[in-house]
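J.: First the structure, which I've put down as structure tokens, then a few questions once you've had a look.
The values are calculated or read from the model by the stated rules, or taken from the named source; none is laboratory data. This is a predicted model, so every value here is computed, not measured. Please note: Cβ atoms are built from the backbone with ideal geometry, for glycine as well, and neighbour counts cover all protein chains shown.
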Amino acid sequence: MPDLVKLTIDGKAVQAAPGTLVIDAAKMAGIEIPAFCYYEGLTLQAACRMCLVEVEKMPKMMTACTLPVAEGMVVRTETPQVAQARKYTLEFLLTNHPLDCPVCDKGGECELQDMVFRYGAGESRYTEEKVHTPEKQFSPVVFFDAPRCILCFRCVRICNEGMGVGALGVIYRGVLSEIAPNHGDHLECDECGACIDICPVGALTSGIYRYQTRPWEMQHVGAICTHCGDGCKTTLGVRNNRIIRGNNRDHSGINGEFLCIKGRYAFDFYDHPERLQAPLVRKNGKLEEVSWSEALDTVANRFNQIRADGGTFGVIGSNHTTNEENFYLRKFAREVLATPHIDHHRTGDVTALVDALSGKTGRMATVADLYNRKAVLVLGADLAREHPLLSFQIRANYRHHQAHVYAVTPGPVREDKYAVASVRVASGGYFAALEDLRARLKAEPELVIVFDDSFKGPDVHRLVEFGESLGIPVRYICLVDYSNSRGALDMGLVPGEGGMRLDEMLAADLSALWVVGANPFKGTPGVPGSVARKARFLVVQDLFLTETAEQADVVLPAASAYEKSGTVTNTTGEVQRLKRAINTMGAKPDLEIMGFIARQMGAAGALGPWVPETVFAEIRRTVHGYDIPLPEIDTGGAAPTTPVNGRVTEAGGPRPDLIRSDHNGLFASGTLGRYSKVLNSVLEGRLDR
Amino acid sequence: MTFSPQLEARFDKLLKSYPPGRQRSAMIPMLMYAQDELGSVTDELVDEVARRVGVTPLQVNEVLSYYSMLHRKPLGKYHVQVCTNISCLLCDGDKLWEHACKKLGIGHKEVTADGQISLEEVECMGACSWAPAIQVNYDFEHFVTPEKLDQILDGLRKKA
Ligand code: SF4
Ligand code: SF4
Ligand code: SF4
Ligand code: FES
Ligand code: FES
């Protein structure tokens, strides 16, 4: 490690690594230098002059955000001259600022407001008319109010560098300068809202949140995004049992402040008008609303009857429900219903990966590894569309550490822009492409291999053999689609000895099929009735009347991820906690529904209490790899599971043909995505053009 | 998009004038020369230059909207720029500007009905020592008085 540079800031002796910026060195010493345009992790801009400090032997004040520390440097951040410079900078920023704080979304959490409060500039000497331009709508999500903009370029940089999209720019000059979208008057972009979130003022506002509330009227609840498998933490702003916004400004969680459109805005499905609010029971061929007790009795009586008659149960679990729910469901199926027929829609072959890595430890990569490891190999997936957080991490790794990125994919991907090698392959061509890259990969100090459902069963074993033959430390990520796809596998929502797979259950003549939070009968798009139920009794737990629920005998309205507590496991096997943000009338968490069914059946004793904490304690005791440190997840962090250290075989042999990813793009999220207004409005906007 | 052979040759030379990977440096001269040929910077031209120098059309737009000598709308055959910045202002540049507007019956960035002359009020052109100054296309006129301006404009009309 190079010698530390010694300098003095406000009389304090400070040491910092060479190249450290004065603004960061001051921060480490507990001295805050105000800044607007400086933003950790983005390129330097030096546009706002808010960070001016005095430096001995330098004739003019310097911008602390661009000045690297030097030996013996003497910096002063709180002199009368500095205070005056800050005040003038603020006065200047306010010359055309509309000061409509009382109606501005940012009021109360605005960096400009805070600075003016702290450094004065309460009076303006500017008497001319302010330049005003009307507000513009760039997209269903992004609105721009030019007069409020302080031209810090944060939005431009986060979009260009962080997102790799580059959809925002600054046009014109001087007082007329304004932010412009990439396609004439509108944006064609990821609609991630990062630009809105990073804006220090209320210039960029979101179509979902604007004019909904004052920031201080919300409570903030840390939840985990329920869409893709990346497991971003999203802090939900809640008021009067309504979710008003999602963001992650406190950077807690594996995603830092990153969120894609789904984590930031697509929580809105929870109050979709079609949300089920009362249980339904089929009477004379029609689904009718009934009380919870009637519905639960109907299910419990029928289940008991089938048990008594020795009938067959099939159970299909979910990619979205919590670990506790999946664990409880499996236990219910195995111990109460005594059936091996249990499965869920599998989206990636984690089982094969764990099996292939048996006997080895520490080989599953985490989200953080994608940012920290020296090289990343992406196989198959278009990460920017399907796994936005992972794509973001790799991009940041490249920007900050010049990581070597290899992309071997069927089509062009965002990673191509900075990859050291981009290879296009047809299905079946992966291993040839890998052989071609062998020499280069061997030369890397370490590698993370990310693969999707292009690799299943024996191919996963072959891939791991390839990885192991490189002679360098290799870690793996097997991509799965949804927020708890990984947890569903880990909790054992897979067939037992002699058990039927999902597709087999759909076609079988079962006495009862119980579907929790899945839509297996969604069928082929455009082919009505392409999957019709065979089971004699169908119970469905869901948020909406899906194609599957429509065919059910009993439909039980379930709570969404944001309406319950529990844990979920993301695609990299990291466990995080969900906290209930709101209560929704009529719906109940799946765990509670299952508990009530068990109670009505008189079987609750065998299953134990349906309290998330209790079930999780049992998971930690009994599920391989889940003996994770509690403080880690209780404080809002993520704890990686350590997968089974031994062979994992699937009853009845592997069936890679049953594993298929939905390959949801940025604006899709399986059945759930159809009920998000924001995702639909973005899609419609695209079709219109 | 295709241009005249002369312009294509110029573009080639420009793109080779900068070190590899720095082709974006050619953006401004390319826009200028193309504007001379096309009469204005069209959307099509923006896309084409973006493609050739390897940036996004938005980035070309950022640059071209910054510079006042690049125009999105066609100008007159003779583009008359009158400086009203400080040195010229002290020498009655503002009166010169008003005079020009009145005489031609057009204002800032407007074109006469026949498409021959356009006017633009500009900031300092670096001709302060000879203030007040005006610029007609690429040529400067120094120490301009209202009478001299009349002569110049009448001359342009005749040339037209
Ligand atoms: S929403 Fe995201 S992708 Fe779109 S302009 Fe903003 S930062 Fe860029
Ligand atoms: S819109 Fe916001 S983030 Fe973008 S430059 Fe203006 S003030 Fe900065
Ligand atoms: S990347 Fe995935 S987990 Fe993160 S916000 Fe988007 S959909 Fe949610
Ligand atoms: S923070 Fe240093 S100039 Fe903006
Ligand atoms: S002020 Fe007119 S040329 Fe300088």
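J.: What's the number of the only condition in (1) within 14 Å of chain A (Cβ to nearest Cβ); (2) in a loop (DSSP other than H, G, I, E, B) that residue B:59 fails to meet?
T.: So residue B:59 meets the others, but not (2).
J.: Do any strands (runs of 3 or more DSSP E) entirely within the range A:4-122 hold 1 or more residues that are among the small types (Gly, Ala, Ser) and loosely packed, with under 13 Cβ neighbours inside 10 Å, and if so, which? I'd like the intermediate steps shown before the answer.
T.: Values: elements: A:5-9, A:12-16, A:52-55, A:74-76.
So the answer is A:12-16.
J.: Sort out which residues of the range A:161-175 are part of a loop (DSSP other than H, G, I, E, B) and either crowded, with 22+ Cβ neighbours inside 10 Å or within 11 Å of chain B (Cβ to nearest Cβ) (or both), and write them in order of number. Break it down into steps so the answer makes sense when it comes.
T.: Taking the range A:161-175 and keeping what is part of a loop (DSSP other than H, G, I, E, B), we get A:163-167, A:172-173.
If the condition is that a residue be part of a loop (DSSP other than H, G, I, E, B) and either crowded, with 22+ Cβ neighbours inside 10 Å or within 11 Å of chain B (Cβ to nearest Cβ) (or both), then A:163, A:165, A:166, A:167, A:172, A:173 are the ones that fit.
J.: Of all residues in the range A:180-209 being more than 9 Å from ligand 1 (Cβ to nearest atom) and within 22 Å of residue A:94 (Cβ to Cβ), which is farthest from the other protein chains (Cβ to nearest Cβ)?
T.: For the range A:180-209, the residue satisfying everything is A:202.
J.: Still on this structure, I have one more. Can residue B:104 be described as away from chain A (no Cβ under 14 Å) and in contact (Cβ under 8 Å) with a residue 12 or more places away in the chain? Give the steps one after another, and end with the answer.
T.: Values: away from chain A (no Cβ under 14 Å): yes; in contact (Cβ under 8 Å) with a residue 12 or more places away in the chain: yes.
Taking the combined requirement at face value, the residue satisfies it.
J.: Pull out all pairs, ordered by first then second residue, where Cβ-Cβ is under 6 Å, the residues are six or more apart or on different chains, the first lies in the range A:265-286 and is over 22 Å from residue A:243 (Cβ atoms), and the second is of a type in the set (Asp, Glu) and assigned to a loop (DSSP other than H, G, I, E, B).
T.: Within 6 Å, the pairs are A:282/A:553.
J.: From the residues in the range A:266-284 that are among the aliphatic types (A, V, I, L, M) and touching a Pro at 6+ places or on another chain (Cβ under 9 Å), which one is nearest to ligand 1 (Cβ to nearest atom)?
T.: Applying the first criterion (among the aliphatic types (A, V, I, L, M)) to the range A:266-284 yields A:266, A:276, A:278, A:280-281.
Of the ones still in play, those that are also touching a Pro at 6+ places or on another chain (Cβ under 9 Å) are A:276, A:278, A:280.
Numbers: A:276: 32, A:278: 38, A:280: 39 Å.
Here the answer is A:276.
J.: Could you please give the count of residues in the range A:621-647 that are surrounded by 17 or more Cβ atoms within 10 Å (Cβ to Cβ) and either in contact with a Pro (Cβ under 7 Å, 6 or more places away or on another chain) or farther than 17 Å from residue A:477 by Cα (or both)? First the steps, then the outcome.
T.: Residues of the range A:621-647 that are surrounded by 17 or more Cβ atoms within 10 Å (Cβ to Cβ), as a first pass: A:623, A:625-626, A:628, A:633, A:637-641, A:643.
From what's left, either in contact with a Pro (Cβ under 7 Å, 6 or more places away or on another chain) or farther than 17 Å from residue A:477 by Cα (or both): A:623, A:625-626, A:628, A:633, A:637, A:639.
Adding up the residues that qualify gives 7.
J.: Considering only the range B:42-56, how many residues are within 25 Å of residue B:110 (Cβ to Cβ) and either of a type in the set (Phe, Trp, Tyr) or more than 13 Å from chain A (Cβ to nearest Cβ) (or both)? Don't jump to the end; show me each part of the working.
T.: As a first pass, look at the range B:42-56 and keep what is within 25 Å of residue B:110 (Cβ to Cβ): B:42-46.
Imposing the further condition that a residue be either of a type in the set (Phe, Trp, Tyr) or more than 13 Å from chain A (Cβ to nearest Cβ) (or both) reduces the set to B:42, B:44-45.
Final tally of qualifying residues: 3.
J.: Hand me the list of helices (runs of 4 or more DSSP H) wholly inside the range A:571-675 holding 3 or more residues that are over 19 Å from residue A:230 (Cβ atoms).
T.: Because the criterion is at least 3 residues that are over 19 Å from residue A:230 (Cβ atoms), the helices (runs of 4 or more DSSP H) in the range A:571-675 that meet it are A:590-601, A:604-607, A:612-622, A:630-634.
J.: Take residue B:39 and decide whether it is at positive phi and more than 14 Å from chain A (Cβ to nearest Cβ).
T.: Values: at positive phi: yes; more than 14 Å from chain A (Cβ to nearest Cβ): yes.
The answer is yes for residue B:39.
J.: Just the residues that are of a type in the set (D, E, K, R) and either within 23 Å of residue B:91 (Cβ to Cβ) or crowded, with 19+ Cβ neighbours inside 10 Å (or both), please, taken from the range B:110-138.
T.: Looking only at the range B:110-138, we keep the residues that are of a type in the set (D, E, K, R), and these are B:110, B:114, B:120-121, B:123.
Scanning the range B:110-138 gives B:120, B:121, B:123.
J.: Is it the case that residue A:190 is under 21 Å from the mean Cα position of the chain (by Cα), touching a residue at least 12 places away in the same chain (Cβ under 8 Å) and assigned by TED's automatic domain parsing to the domain that holds residue A:251?
T.: So residue A:190 fits the description; yes.
J.: I would also like to ask the following. Search the range A:147-160 for residues being outside any loop (DSSP other than H, G, I, E, B) and away from every other protein chain (no Cβ under 14 Å), and hand back the single one that is nearest to the chain's Cα centre (by Cα).
T.: Kept after step one, since they are outside any loop (DSSP other than H, G, I, E, B), are these residues of the range A:147-160: A:147-148, A:154-160.
Add one more test, that the residue is away from every other protein chain (no Cβ under 14 Å), and what stays is A:147-148, A:154, A:158.
Details: A:147: 32, A:148: 30, A:154: 22, A:158: 17 Å.
The selected residue is A:158.
J.: If you don't mind, there's one more thing I want to ask. How many residues are over 12 Å from residue A:562 (Cβ atoms) and within 15 Å of ligand 3 (Cβ to nearest atom) if we restrict to the range A:231-246?
T.: 4
J.: Something else now. Exactly one of (1) within 16 Å of ligand 4 (Cβ to nearest atom); (2) touching a helix residue (DSSP H, G or I) at 6+ places or on another chain (Cβ under 6 Å); (3) not basic (Lys, Arg) is unmet by residue A:177. Its number?
T.: (2) is the only condition that residue A:177 fails.
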